Amino acid sequence: MHLTDDQKHQLLATARDFATRAYVPYSHFPVGAAVLVEDGVVVGGVNIENASYPLTICGERSAVATAASAGHRTIYAVAVSAPKAPATTPCGACRQVLNEFKPEGGDMIVLLDEGSTWQETTLAALLPSAFGPRDLERAAK
């Protein structure tokens, strides 16, 4: 899928807005994320920390969970905004979760907030040779 500059700006604006809503009382490292789903809707998420640190959820997984809860099953793009660290990439766990929802036969666009602009990459570049749902489908045959 090709994203227009307007779509990229909307994704980044949403991710930046959500970063201001992050619940980060321990690390003080807010992250906002926004995903573009199959019907053109943009869904946001934030990182949510927990006093039991392993229970913390990242902004990207929060956005994916919200989108999936609304019935969306394909994510075409994700934008990540971490105001304290420009061009922060999704962590490994988030990359794997995003991989679960990438377009069948395609890739997911990843926009990394750099402040006044963005860096564009793909999920395949961040998670090469990924294992996902298509692998399980092939194994079941």
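Kindly indicate the residue of segment 49-60 that is assigned to a loop (DSSP other than H, G, I, E, B) and either touching a residue at least 12 places away in the same chain (Cβ under 8 Å) or over 16 Å from the mean Cα position of the chain (by Cα) (or both) and also farthest from His28 (Cα to Cα) among those meeting that condition.
Per the stated criteria, the residue is Ser52.
Which residues, counting only those in segment 42-54, are aliphatic (A, V, I, L, M) and in contact with a strand residue (DSSP E or B) (Cβ under 9 Å, 6 or more places away or on another chain)?
Val42, Val43, Val46, Ile48, listed by residue number.
Could you identify the single residue in Val64, Val41, Val24, Val97 that is of a type outside the set (Phe, Trp, Tyr) and closer than 21 Å to His9 by Cβ?
Val41
Okay, residues lined up against (1) more than 19 Å from Asp113 (Cβ to Cβ); (2) out of contact with any Ser or Thr (no Cβ under 8 Å at 6 or more places or on another chain):
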site	(1), (2)
Arg16	no, no
Ser27	no, yes
Asp39	yes, yes
Thr56	yes, yes
Glu60	no, yes
Val64	no, yes
Val78	no, yes
Pro83	no, yes
Pro90	no, yes
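Regarding Arg16, is this residue part of a loop (DSSP other than H, G, I, E, B) and modelled with pLDDT of 95 or more? Give the derivation first.
On the way: part of a loop (DSSP other than H, G, I, E, B): no; modelled with pLDDT of 95 or more: yes.
No.
With the structure loaded, tell me whether Glu49 is crowded, with 23+ Cβ neighbours inside 10 Å, acidic (Asp, Glu) and under 18 Å from Arg21 (Cα atoms) or whether it fails that test. Walk me through how you get there before you give the answer.
Numbers: crowded, with 23+ Cβ neighbours inside 10 Å: no; acidic (Asp, Glu): yes; under 18 Å from Arg21 (Cα atoms): yes.
Judged against the criteria, Glu49 is not a match.
Given (1) touching a Ser or Thr at 6+ places or on another chain (Cβ under 9 Å); (2) outside any helix (DSSP H, G or I), where does Met1 come up short, assuming only one miss?
Unmet condition: (1).
Identify, from the list Leu12, Leu36, the residue that is of a type outside the set (Asp, Glu) and crowded, with 24+ Cβ neighbours inside 10 Å.
Of Leu12, Leu36, the one residue that is of a type outside the set (Asp, Glu) and crowded, with 24+ Cβ neighbours inside 10 Å is Leu36.
The values are calculated or read from the model by the stated rules, or taken from the named source; none is laboratory data. This structure is a prediction, so every number in the text was calculated from the model and none was measured. Heads up, the Cβs are rebuilt from the backbone with ideal geometry, glycines too, and the neighbour counts pull from every protein chain shown.
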